[in-house]
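Here the structure comes first, spelled out in structure tokens, and everything after it is commentary.
The values are calculated or read from the model by the stated rules, or taken from the named source; none is laboratory data. Worth saying up front: this structure is predicted, and the values here are computed from it rather than measured. Counting neighbours? That spans all protein chains shown, and the Cβs are built from the backbone with ideal geometry, glycine included. Heads up: the accessible areas ignore ligands, DNA and RNA and are worked out on the full protein's heavy atoms, side chains in. Shrake-Rupley method; radii C 1.70, N 1.55, O 1.52, S 1.80 Å.
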Amino acid sequence: PDNPVNVNDPPYLVLSGHSPGTGTNAVLVDTTDAIQLDCVFDLTCRNVRGIVKPQYFVRSDSVKSTSNSLIEEAIITSGQISLTIVNNGFQVPARIRYTSPDFIRPDGDQLADSVDVSADSGSVVPIVVPLGGYRLRPQNIGTPGNQHFYFDYTISSAASTGPVTMQNEQGVRVYSSIDTIRFSEITGRLINEEIDVSPRSEKLDIEAVDSIQFQNAYLEVVTEHAIQFPITLDLDVVGKKNGSQRSTQIAGTIQPYTGGPGGSRRDTIRSTNSAEVAALLSLLPDSIVSSGLATIGDAQGNYRGTVTSGDSVTITVAIRAPLVFSLPLDSARNIIKPDPKKLDMGDKLQELVSDNFESVAITGTIANHFPVGVEVQFMIDTVQRATEDAFYDSAVFRFPDPPLKINKGTTNAQGIVTAPTTATLEYFLDRSMFDWIFYRIDPLTDEPLQNYQGLRIRLMGSGATVKVTSTDYVGVNTQFEVEFRFDEDVTK
């Protein structure tokens, strides 16, 4: 059995037999009577030797998708099919034609090509098929988690030039794999496709109230998209300051866009862990970093649609009022300092005032619509310093001094301000103060110095927690009242 069977030697079979006869009984036998014997050679050989005629084999193979999604059609931007053809002792040359009805070339034909394999045992033919520009159009959609892409192989072997010995484990082997494929467009049913949300950092500047301690707060994630699948967001929000950080999570699902071209859908997701958000904000971070995961589609493949590389989800993370916080009773840092503004009376008015000055009164009405008391002080100087802090710390002219205190606004049972508390102030300028503010000369240019004004507001300590809404404010209305000496030249 270990010796090869020589298939070129004609096999023969010797049959012999006899009949027991009929004894004393006579029978009729004519020329049509016969015994027919059919012989079938059904041999299974481990080794065969002989001259091999041309042969033709057809085989099929498939590669299983690593995704659970079901693709009906897709446009490929990059990726490749890798085929490795190995001659495993096949002692005649062969041509391998490989095709795939699932991969469509840019010219519209299916993937197809041929390669020759030599009769050298152990020879390897590597093939790489770049897929950029191809379309993927599976003939068999399959089921979630069980979608295959199919290949057909036709092996045409040449006749041997002389006797060869072949064993049944010898042949041509084809190994196929698909490297990572990237698409510019997919139509089908997406099933929990995960996409990283790249970290995004936003700088904050809330040093002016850096003694606030929040007791209750929440975050809002506002999304806008035109994707035809539901999207589940799981975001981490991290606040950082001086090497310290605190974090919170926010999660939710936004529904698919169902409108026409050019439109979009907006959704809002609110955080539910208000204590974590309050702890993060109480750090008074100088930056907030958001990142996480977006999962497109559902677990069952209930949604069919098209998604392209140009589709995106715009995500905005915002802090929303009302906010509940407390202010330390003894803090000197609960201060609001707006940018200083130019103070200009106009050339004509300044000239009239200079020539006909009697007195100037600065009057103002201040309304406090905050749930805490405030202290208010006006600042005037002839230099807008490099920073707001420098202006407010160094401004020469301040009124009133000490600052005017105004009680908190009227609040309802829920602690929300329903009406402001108002106060008025009046400040008189004598001639020397007026000249100092409006008529100082720059010694370098011999030109009048520009005047700037600012308003410094200090939020007084609350003790208990208070609620601030987006409608709360401190309103200031000021004006100059100038008394003139009139003579006949004033009106000319």
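Odds and ends about this structure:
- Using the Cβ-Cβ distance between Thr410 and Asp442 with R0 = 41 Å, the FRET efficiency computed as 1/(1 + (r/R0)^6) comes to roughly 0.30.
- Nitroxide proxy distance, nm - points 7 Å out along Cα→Cβ at Asp61 and Asp267: 4.2
- Placing pseudo-labels 7 Å out from each Cα toward the beta carbon at Asn216 and Arg182 gives an inter-label distance of 4.8 nm.
- Added length on full extension, which subtracts the Cα-Cα distance from 0.36 nm per residue, Lys53 to Arg95: 13.7 nm
- Residue-span extension gain [Thr422 to Asn168] - 0.36 nm each, minus C-alpha spacing: 81.2 nm
- One chain, two ends: Leu449 and Ser121. Fully extended at 0.36 nm per residue, the span grows by 108.5 nm beyond their Cα-Cα distance.
- The order of Glu220, Glu73 by accessible area, most exposed first and with a 1.4 Å probe, is Glu73, Glu220.
- FRET efficiency estimate (nearest 0.05) - Cβ-Cβ, Gln300 to Val40, R0 51 angstrom: 0.40
- Solvent-accessible area of segment 127-198 (1.4 angstrom probe, protein heavy atoms only): carbon and sulfur portion equals 46 percent.
- Segment 364-456: chymotrypsin sites (Phe, Trp or Tyr not before Pro) falling in loop per DSSP and having at most 16 other Cβ within 10 Å: Tyr439
- Rounded FRET efficiency, nearest 0.05, which uses the C-beta distance separating Leu293 from Thr161 and R0 of 56 Å: 0.35
- For Asp152, the shell of other residues with beta-carbons less than 15 Å away shows a net charge of -1, using +1 for Lys and Arg and -1 for Asp and Glu.
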